[in-house]
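The values are calculated or read from the model by the stated rules, or taken from the named source; none is laboratory data. Since we're looking at a predicted model, the values are computed, not measured. Heads up, the Cβs are rebuilt from the backbone with ideal geometry, glycines too, and the neighbour counts pull from every protein chain shown. For the accessible areas, the whole protein counts, side chains as well, though only heavy atoms, and no ligand, DNA or RNA atoms are used. Shrake-Rupley method; radii C 1.70, N 1.55, O 1.52, S 1.80 Å.
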Amino acid sequence: MDQIIIRGGRALSGQIPIAGAKNACLTLMPATLLSDEPLTLTNAPRLSDIRTMTELLGSLGAEVSSLQDGKVLALSSHNIDNHTADYDIVRKMRASILVLGPMLARDGHAVVSLPGGCAIGARPVDLHLQALEAMGADLELRDGYVHAKAPSEGLKGAVVEFPMVSVGATENALMAATLAKGTTVIKNAAREPEIVDLAHCLQKMGAHISGEGTSEITIEGVERLGGATHPVVTDRIELGTYMLTPAITDGEVELLGGRLDLVSAFAEKLDAAGIAVTETDAGLKVSRKNGRIQAVDVVTEPFPGFPTDLQAQIMALLCTADGTSVLEEKIFENRFMHAPELIRMGASIDVQGGTATVTGVERLKGAPVMATDLRASVSLILAALAAEGETVVSRVYHLDRGYERVEEKLRACGADIERVNT
Ligand code: EPZ
């Protein structure tokens, strides 16, 4: 398995290009199942999760061609000859559940493995199933699979009210509703930019959607959807992650393609911590205001609140802040696995349930550490960039799921970083 070795202490400066959003691409790709005409996605990120989704769609009979070194995906679902999403693929990536709604909506039946939990939590899919049942689907859980059937006349429009905000359940409901008969209203819908991006792509395919980006989305079902060409929205989590590289190393980096509207809650926190974020013609420029990092408190919330996917990363920054920061993780039940690894590097962190209290120390020290999940692994990379000495991060396959060519992007800004195959 690959390891990444970093020798910390260098101030990063230069430019980092931000790729298309993993979490937008993973819901845009299954949208091909709603139509028998071609769907072309541009600005696609080159990540292992995208390759996993490609493998899953291929197993259903869809054609997915990766063009221009992976930045363009050409998808076609005119020949879906298998409606079962197998456990051996689904267990690798929870987003696989997003083929359920589209397959059910267009072909009337689907068998999808339950994704199972992952490192950060149990992550059930009950809200996905609640939405599809409201639209008339008959769902049976058997042998670890969801066996789903639509009524003979197809799914029907319904009012879907989610008891809690769920990005994936909103995406499944939104896609299914585009072909349901009648009107669907999704209440307490997720408002993430990835939902808005999906809605815009579906509208290009002929869907009638309004309210995307608010907590109430209305969809008028149509008979069929056509093809489209759509650019994947910028990855706000990659953006936020790389905004921290000049912050944690006291350098200056311009994030190419960065958009402030995608990270406003995060940028506000950085401002309070002593980091300047400036809009430029090419994106966002980030540097420290006056040398020190101030402690700040963080509570993770659904968009437009502070994103849970940036909690591990800002924790790395706050390990050497002046003062004590309290981080509350309100979205997932076990998303502090980076804390013990940061403690190995000399951080002072006390985790009690969903709350982590970080007391700033003068400087972290390099150490051998272990990546446990996608965002935890990049948190360790950030800490290593500023730490004294050498850090060896193992199990970096977690990193490759969500960060495109991370060592290239960081080395281009002066980091002493290399990947070794062991
Ligand atoms: C999406 O996951 C993202 N993944 C996650 O990013 C992100 O952390 C999460 O949204 C929250 O923003 C993709 O888009 C592929 P949820 P999702 O449904 O849709 C509970 C990353 O690092 N819940 O909004 O699975 C759930 O357990 C990944 O890129 C139910 O109880 O998240 C969680 O506690 C990690 N029942 C909360 O809701 C359900 O049916 C929010 O989950 C669904 C969710």
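Quick rundown of the values:
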item: Counted residues, region 1-44 - those being in a helix (DSSP H, G or I) and of a type in the set (A, V, I, L, M, F, W, C); result: 7
item: Of the criteria (1) among the charged types (D, E, K, R); (2) more than 16 Å from the ligand (Cβ to nearest atom); (3) over 27 Å from LEU260 (Cβ atoms); (4) in contact with a strand residue (DSSP E or B) (Cβ under 6 Å, 6 or more places away or on another chain), which one GLU333 fails; result: (2)
item: Only one of VAL326, VAL299, VAL277 that is within 16 Å of the ligand (Cβ to nearest atom), part of a strand (DSSP E or B), of a type outside the set (D, E, K, R) and open to solvent by 30 Å² or more (accessible area, probe 1.4 Å); result: VAL299
item: Residue list for region 266-282, filter: aliphatic (A, V, I, L, M), more than 10 Å from GLY240 (Cβ to Cβ) and in contact with a helix residue (DSSP H, G or I) (Cβ under 9 Å, 6 or more places away or on another chain); result: ALA273, ILE275, ALA276, VAL277
item: Which numbered condition ASP88 misses (of (1) within 16 Å of the ligand (Cβ to nearest atom); (2) at pLDDT below 95; (3) at negative phi; (4) charged (D, E, K, R)); result: (1)
item: Qualifying helices (runs of 4 or more DSSP H) (wholly inside region 366-422; at least 1 residues being open to solvent by 40 Å² or more (accessible area, probe 1.4 Å) and either within 16 Å of the ligand (Cβ to nearest atom) or over 23 Å from THR234 (Cα atoms) (or both)); result: 397-400
item: Evaluation of ALA105 against (1) away from the ligand (no atom under 15 Å from the Cβ); (2) open to solvent by less than 50 Å² (accessible area, probe 1.4 Å); (3) over 19 Å from MET53 (Cβ atoms) (one fails), failing number; result: (3)
item: Residues of region 100-121 classified as under 17 Å from the mean Cα position of the chain (by Cα) and touching a residue at least 12 places away in the same chain (Cβ under 8 Å), total; result: 5
item: Residues (closer than 12 Å to SER287 by Cβ and either among the acidic types (Asp, Glu) or part of a loop (DSSP other than H, G, I, E, B) (or both)) located in region 230-250; result: ASP250
item: Elements of type strands (runs of 3 or more DSSP E) in region 135-186, at least 1 residues being farther than 19 Å from LEU33 by Cα and within 14 Å of the ligand (Cβ to nearest atom); result: 138-142, 159-161
item: Close pairs (7 angstrom Cβ cut-off, 6 or more residues apart or separate chains): in contact (Cβ under 8 Å) with a residue 12 or more places away in the chain and within 12 Å of MET135 (Cβ to Cβ) in region 146-171, within 14 Å of the ligand (Cβ to nearest atom) and open to solvent by 20 Å² or more (accessible area, probe 1.4 Å) anywhere; result: ALA148/LEU139; ALA158/ALA134; VAL160/ALA134
item: Qualifying residue in region 272-284 (condition: within 30 Å of SER166 (Cβ to Cβ), out of contact with any Leu (no Cβ under 8 Å at 6 or more places or on another chain) and among the aliphatic types (A, V, I, L, M)); result: yes
item: Which numbered condition ASN334 misses (of (1) touching a residue at least 24 places away in the same chain (Cβ under 8 Å); (2) assigned to a helix (DSSP H, G or I)); result: (2)
item: Restricting region 307-323 to residues that are open to solvent by 10 Å² or more (accessible area, probe 1.4 Å) and within 14 Å of the ligand (Cβ to nearest atom), the residue that is nearest to GLU268 (Cα to Cα); result: PRO307
item: Considering residues of region 399-422 that are aliphatic (A, V, I, L, M) and under 14 Å from PRO17 (Cβ atoms) only, the residue modelled with the lowest pLDDT; result: VAL406
item: Residue under evaluation VAL263, criteria (1) surrounded by 21 or more Cβ atoms within 10 Å (Cβ to Cβ); (2) modelled with pLDDT under 95, criterion not met; result: (2)
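The rows are residues; the columns are (1) touching a helix residue (DSSP H, G or I) at 6+ places or on another chain (Cβ under 6 Å); (2) open to solvent by 10 Å² or more (accessible area, probe 1.4 Å).
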| position | (1), (2) |
| --- | --- |
| ALA148 | yes, no |
| PRO151 | no, yes |
| LEU179 | yes, yes |
| ALA190 | yes, no |
| HIS200 | no, yes |
| THR218 | no, yes |
| GLY221 | no, yes |
| THR229 | no, yes |
